[in-house]
Amino acid sequence: MKRSVPLVIGLVIAGLFGLIDVISVPFGDGEHPPFVVALADGVLGLITVVGVVLAWRGSRAGVVAVIVTRLLSALTAVPAFFSDGVPAPAVAVAAVGIVLTLACVAFLAPALRSHA
């Protein structure tokens with residue numbers, strides 16, 4: 001797999017998101033997001049980081065892992081828009097995270113095309 005500029009941009013964004021997910025687990029208040037969601041995001045972040053390393057080395061499976069884990073992580077933010085009592089800054093962070101995740105996936109998806 002050729003390491004194109006969009007692929008590199010997508011991997012860098014995903015890697016940063018993955019690292020943020022991993023290191024943010026112990027810093028949450030347990031309410032926003034709930035601890036279970038923060039823990040799930042931490043696990044997804046760890047898988048993302050491993051996927052980024054594999055994708056950087058040319059693995060299509062790594063790219064797939066990154067795309068899937070980032071989309072699942074974005075899905076964990078959706079309840080912030082519908083739950084009562086979520087602070088406005090948390091909703092804003094969720095919205096920005098979802099938009100950046102979709103941009104990341106848009107950068108990564110072309111790398112999965114077959115070049116045969």
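The values are calculated or read from the model by the stated rules, or taken from the named source; none is laboratory data. The shown structure was predicted, so the numbers you read here are calculated from the model rather than taken from an experiment. All Cβ positions, glycine included, derive from the backbone under ideal geometry; neighbour counts span all protein chains shown. To get the accessible areas, we keep the full protein, side chains included, count just its heavy atoms, and leave off ligands, DNA and RNA. Shrake-Rupley method; radii C 1.70, N 1.55, O 1.52, S 1.80 Å.
If you go through segment 1-46 and keep only what is open to solvent by 70 Å² or more (accessible area, probe 1.4 Å), under 16 Å from residue 73 (Cα atoms) and either in contact with a strand residue (DSSP E or B) (Cβ under 8 Å, 6 or more places away or on another chain) or not β-branched (Val, Ile, Thr) (or both), you end up with 16, 19, 35, 39, 46. Just one of (1) assigned to a helix (DSSP H, G or I); (2) more than 10 Å from the chain's Cα centre (by Cα); (3) not small (Gly, Ala, Ser) fails for residue 100. It is (2). Residue check: residue 8 meets all listed conditions (1) over 16 Å from the mean Cα position of the chain (by Cα); (2) in a helix (DSSP H, G or I) but one, namely (1).
In segment 47-93, the residue that is surrounded by the fewest Cβ atoms within 10 Å (Cβ to Cβ) out of those that are in contact with a His (Cβ under 8 Å, 6 or more places away or on another chain) and in a loop (DSSP other than H, G, I, E, B) is 87.
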